[in-house]
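Structure first, commentary second.
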Amino acid sequence: MHDGLLTMLPVDTEFSQDLERWFGFRHFRDGQEEVIRCLLAGRSALAVFPTGGGKSLCYQFPAMMLDGVTLVISPLIALMKDQVDALQARGLPAARLDSSLSLEESRALYDQLGKGELRLLYVAPERLANEGFLDRLRRLPIAMMAIDEAHCISEWGHNFRPDYLKLARLVKELKIPRVLALTATATPAVSGDIRKAFSIAREDHVQLSFHRSNLDLQVTPCSPETRLALLQDRLRGHEGESVVVYVTLQHTSESVATSLQRAGIPARAYHAGLTPEVRAECQEAFMSGETSVIVATIAFGMGIDKADIRAIYHYNLPKSLENYSQEIGRAGRDGGLSVCELLACADDLITLENFAYGDTPTPLALRHLVDHLLRQGEEFDVSFYELSATNDIRPLVVSTLMTYLELEGVIAATRPFYSAYKIKYVRNLEHLLQGYNARRQTFLRRLFAAGKQGRTWITIQPDEVAQAIGEPRERITAAINYLEEAGDLVVQPSGIRQGYRVLKQVEKPRALADRMQTLFERRESQDIERLRRVMALAEEPGCLTNALLCYFGEAVDGDCGHCSRCRGAMPQPLPNSPPHEFTEPEMAAVQALIAERLPALRSTRQLARFLCGLKSPAATRARLARRDEFGLFDQVPFGTVLDWIKQLIVV
């Protein structure tokens, strides 16, 4: 394994002209050329570079030299778009395939692929669940797969995308000759998982130092009551400078930004609850310097390349040291001194832990779901959202279960499709039908007549219409797509469903469900352990920089000399609110709730989630969040509430 600093290396003359011609660089950064030479020699590699370390060039450069297309797996559409736009602006043959493309754009892309005109194709991991897309890939010469955020393939990875788990198997199926796995946050355990999954030799694991001497790490213990005033005081010392304040919850983003504005500090909120247009406008204002302070959830930051961020403040504890490392890594990319301060309050741990507990399904719900899936027949399709609502399991957890079942060899994904289309004529029906022969006119009239007629839109459910008019589903959807492409229809698809094929029969469904339950409970334990690591850093008595580097497996020589501990700030216990004492009125309210026997709150875990303010599919469907009892104990640890409910029921 190679360790190095982020320096600029003289480029080998055999690469120099191409590097400058294609990308405008005269030098490689440290680590890049080593990774590139490994790939060009036909070997797979793992690149663990800190945020902003230049990972993308490690696959973009060899992609231009290899025969065939390089498939880039990237988790965010916005990130894909930025990279592809930059490559296309330099005249390089790159494209992205995602849900934002029109049918015409997708067909043009496939035409380019078929002609061998593309060198880089960016897709989300979920795209690989489409059997039709996989069939196209099997007919293509694929030179390499580059996997961004590769830590997601590891059971120890902090970000979880279930479709990442299937990538190693897919590489073997498609006989892809080389893989480049890239991440900015890999512990030794995660790196080991990645190397094993893709048969990467240890000597082809290139890891750069995470030490940034211009980042001033600080921890300041504070209480919920004093935290806002402390933040305001800090920000006044950064007047006119770019600063990011990270929070956990969307409403905290809004409330803190509003309080800062009232204090005369130009701040804006940024979170996933805002419309895409507002988020884009907010990001642009920050990038241009119009807004100097962004108060954001973790939704902000991926792909942000602003060199002069002078401070990162964590108003709330981060959910993991991996998240913390990525977030502070966005500061000081210009090499200038930047402050990274953690305003540490132990009360934050309650909210973060409760999120982790809220994701784990109940054993009964999981058994019901597994049993339901195994009774669907050899070919079936499902809606994750319908399964989520009927079984009270979050959609992401349902998706994860389906992936686990695929990895067990029980099922295989076939293709996603829409269950309904809303269509609207661009011109009247008679004009639309002109130019078609009598047979096609008859078919289209029957197709439109079988739909549900609204004032403006016609709703067509292909399965029902196919049965009603005696035509194949494929002909109906092909006609809708063709007319949309021709400009004759406005089409709004809805109701995404995923198709599956059963690969083997399961003799003991309950044993299978119990194995799945163990996997989910293990993930819950891992998430809680990551939070403990954050607390340990906040209370670390020694050098903060060294503690963080050691977590990522980096050997250090001596203290950094520039963090708050090295400057003499001694660790202090984090302020913590006293344990909650359950009152008689609270007990009466919960007992009354139990007596109602609401289906959405029938298990102790469902009830605990509800009382802790954690939304669940069943409770949302029953509109229970409107009730006064929802979030009654949102500042109480989930485990404490769960144990109390169990005692209450026994009594």
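Select from segment 255-305 the residues that are buried (at least 22 other Cβ atoms within 10 Å of the Cβ) and of a type in the set (Ser, Thr, Tyr) and list them in ascending order.
Tyr270 - this is the single residue of segment 255-305 that is buried (at least 22 other Cβ atoms within 10 Å of the Cβ) and of a type in the set (Ser, Thr, Tyr).
Of the residues that sit in segment 530-545 and are within 16 Å of Gln326 (Cα to Cα) and not hydroxyl-bearing (Ser, Thr, Tyr), which one is surrounded by the most Cβ atoms within 10 Å (Cβ to Cβ)? Outline the logic, then answer.
Taking segment 530-545 as the starting set, the residues that turn out to be within 16 Å of Gln326 (Cα to Cα) are 530-531, 533-534, 537, 544-545.
With not hydroxyl-bearing (Ser, Thr, Tyr) added as a condition, the list becomes 530-531, 533-534, 537, 544.
Details: Arg530: 19, Leu531: 20, Arg533: 16, Val534: 23, Leu537: 19, Leu544: 25.
Checking each candidate, the answer is Leu544.
Inspect segment 564-572 for any residue being buried (at least 16 other Cβ atoms within 10 Å of the Cβ) and either charged (D, E, K, R) or in the same structural domain as Asp634 (by TED's automatic domain parsing) (or both) and give the result as yes or no.
yes
Only one of these conditions is not met by Val397: (1) in contact with a helix residue (DSSP H, G or I) (Cβ under 6 Å, 6 or more places away or on another chain); (2) buried (at least 18 other Cβ atoms within 10 Å of the Cβ); (3) part of a helix (DSSP H, G or I). Which number is it?
(1)
Quick one: which of Ala229, Ala184, Ala189 is surrounded by fewer than 16 Cβ atoms within 10 Å (Cβ to Cβ), within 30 Å of Leu40 (Cβ to Cβ) and hydrophobic (A, V, I, L, M, F, W, C)?
Ala189
Out of Arg29, Arg21, report the one residue that is buried (at least 16 other Cβ atoms within 10 Å of the Cβ), basic (Lys, Arg) and modelled with pLDDT of 85 or more.
Values: Arg21 fails: buried (at least 16 other Cβ atoms within 10 Å of the Cβ).
Checking each option against the conditions leaves just Arg29.
Whether any residue in segment 332-339 is in contact with a His (Cβ under 7 Å, 6 or more places away or on another chain) and without any contact (Cβ under 8 Å) to a residue 40 or more places away in the chain is what I want to check.
Let us first name the residues in segment 332-339 that are in contact with a His (Cβ under 7 Å, 6 or more places away or on another chain), namely none.
So far as segment 332-339 goes, no, none of its residues is in contact with a His (Cβ under 7 Å, 6 or more places away or on another chain) and without any contact (Cβ under 8 Å) to a residue 40 or more places away in the chain.
If we keep just the residues of segment 400-430 that are among the hydrophobic types (A, V, I, L, M, F, W, C) and assigned to a strand (DSSP E or B), which is nearest to Arg161 (Cα to Cα)? So that I can check it myself, show each step before the final result.
To start, the set of residues in segment 400-430 that are among the hydrophobic types (A, V, I, L, M, F, W, C) comprises 401-402, 405, 407, 410-413, 417, 420, 423, 426, 429.
Those still in the list that are assigned to a strand (DSSP E or B) too: 411-413, 417, 420, 423.
On the way: Ile411: 18, Ala412: 17, Ala413: 16, Phe417: 20, Ala420: 27, Ile423: 33 Å.
So, considering only residues that are among the hydrophobic types (A, V, I, L, M, F, W, C) and assigned to a strand (DSSP E or B), the one nearest to Arg161 (Cα to Cα) is Ala413.
Mind checking which pairs have a first residue in segment 447-467 that is buried (at least 16 other Cβ atoms within 10 Å of the Cβ) and a second that is of a type in the set (Ser, Thr, Tyr), Cβ under 7 Å, 6 or more apart or different chains?
Gly451/Thr459; Ile460/Tyr421; Gln461/Ser419; Pro462/Thr477
Report yes if Leu260 is in the same structural domain as Pro221 (by TED's automatic domain parsing), within 26 Å of Ala547 (Cα to Cα), modelled with pLDDT of 95 or more and in contact with a strand residue (DSSP E or B) (Cβ under 7 Å, 6 or more places away or on another chain), otherwise no. So that I can check it myself, show each step before the final result.
Numbers: in the same structural domain as Pro221 (by TED's automatic domain parsing): yes; within 26 Å of Ala547 (Cα to Cα): no; modelled with pLDDT of 95 or more: yes; in contact with a strand residue (DSSP E or B) (Cβ under 7 Å, 6 or more places away or on another chain): yes.
Against the criterion (in the same structural domain as Pro221 (by TED's automatic domain parsing), within 26 Å of Ala547 (Cα to Cα), modelled with pLDDT of 95 or more and in contact with a strand residue (DSSP E or B) (Cβ under 7 Å, 6 or more places away or on another chain)), Leu260 does not qualify.
Can you list the helices (runs of 4 or more DSSP H) lying wholly within segment 188-278 that have 1 or more residues being of a type in the set (Ser, Thr, Tyr) and more than 27 Å from Asn354 (Cα to Cα)? Even if it seems obvious, please write down each step before you answer.
Numbers: elements: 188-197, 227-236, 250-262.
Answer list for segment 188-278: 188-197.
Being touching a His at 6+ places or on another chain (Cβ under 6 Å) and not hydroxyl-bearing (Ser, Thr, Tyr) narrows it down to one residue among Val219, Val206; which is it?
Details: Val219 fails: touching a His at 6+ places or on another chain (Cβ under 6 Å).
From the options Val219, Val206, the qualifying one is Val206.
Report whether or not Arg532 is closer than 23 Å to Gly192 by Cβ and without any contact (Cβ under 8 Å) to a residue 40 or more places away in the chain. Before the answer, list the steps.
Values: closer than 23 Å to Gly192 by Cβ: yes; without any contact (Cβ under 8 Å) to a residue 40 or more places away in the chain: yes.
For Arg532, the condition - closer than 23 Å to Gly192 by Cβ and without any contact (Cβ under 8 Å) to a residue 40 or more places away in the chain - is met.
Can you pull out every residue in segment 590-621 that is surrounded by 23 or more Cβ atoms within 10 Å (Cβ to Cβ), within 24 Å of the chain's Cα centre (by Cα) and assigned to a loop (DSSP other than H, G, I, E, B)?
Scanning segment 590-621 gives a single hit, Ser616.
Out of all the residues in segment 409-425, is one or more outside the structural domain of Arg609 (by TED's automatic domain parsing), at pLDDT 90 or above and out of contact with any strand residue (DSSP E or B) (no Cβ under 9 Å at 6 or more places or on another chain)?
Yes, because at least one residue in segment 409-425 is outside the structural domain of Arg609 (by TED's automatic domain parsing), at pLDDT 90 or above and out of contact with any strand residue (DSSP E or B) (no Cβ under 9 Å at 6 or more places or on another chain).
Select from segment 430-446 the residues that are surrounded by fewer than 14 Cβ atoms within 10 Å (Cβ to Cβ) and of a type outside the set (Ser, Thr, Tyr) and list them in ascending order.
Keep residues of segment 430-446 that are surrounded by fewer than 14 Cβ atoms within 10 Å (Cβ to Cβ), which gives 430-431, 434-440, 442, 445.
Of everything in segment 430-446, those that are surrounded by fewer than 14 Cβ atoms within 10 Å (Cβ to Cβ) and of a type outside the set (Ser, Thr, Tyr) turn out to be Glu430, His431, Gln434, Gly435, Asn437, Ala438, Arg439, Arg440, Arg445.
In segment 468-490, how many residues are closer than 26 Å to Leu128 by Cβ and either crowded, with 18+ Cβ neighbours inside 10 Å or among the hydroxyl-bearing types (Ser, Thr, Tyr) (or both)? Step through it out loud before you land on a result.
Keep residues of segment 468-490 that are closer than 26 Å to Leu128 by Cβ, which gives 473-474, 477-478, 480-481, 484-485.
In the following step, the residues that additionally are either crowded, with 18+ Cβ neighbours inside 10 Å or among the hydroxyl-bearing types (Ser, Thr, Tyr) (or both) were identified as 477, 480, 484.
So the count comes out to 3.
What residue, of Arg107, Arg43, is closer than 29 Å to Phe210 by Cβ and either surrounded by 23 or more Cβ atoms within 10 Å (Cβ to Cβ) or of a type in the set (D, E, K, R) (or both)?
Details: Arg107 fails: closer than 29 Å to Phe210 by Cβ.
Going through Arg107, Arg43 in turn, just one is closer than 29 Å to Phe210 by Cβ and either surrounded by 23 or more Cβ atoms within 10 Å (Cβ to Cβ) or of a type in the set (D, E, K, R) (or both): Arg43.
Identify all residues within segment 252-297 that are touching a residue at least 24 places away in the same chain (Cβ under 8 Å), over 24 Å from Gly240 (Cβ atoms) and touching an Asp or Glu at 6+ places or on another chain (Cβ under 9 Å); write none if there are none.
Within segment 252-297, just His271 meets the criteria.
The values are calculated or read from the model by the stated rules, or taken from the named source; none is laboratory data. Source: prediction; values computed, not measured. All Cβ positions, even for glycine, are placed from backbone atoms using ideal geometry, and neighbour counts span all protein chains on display.
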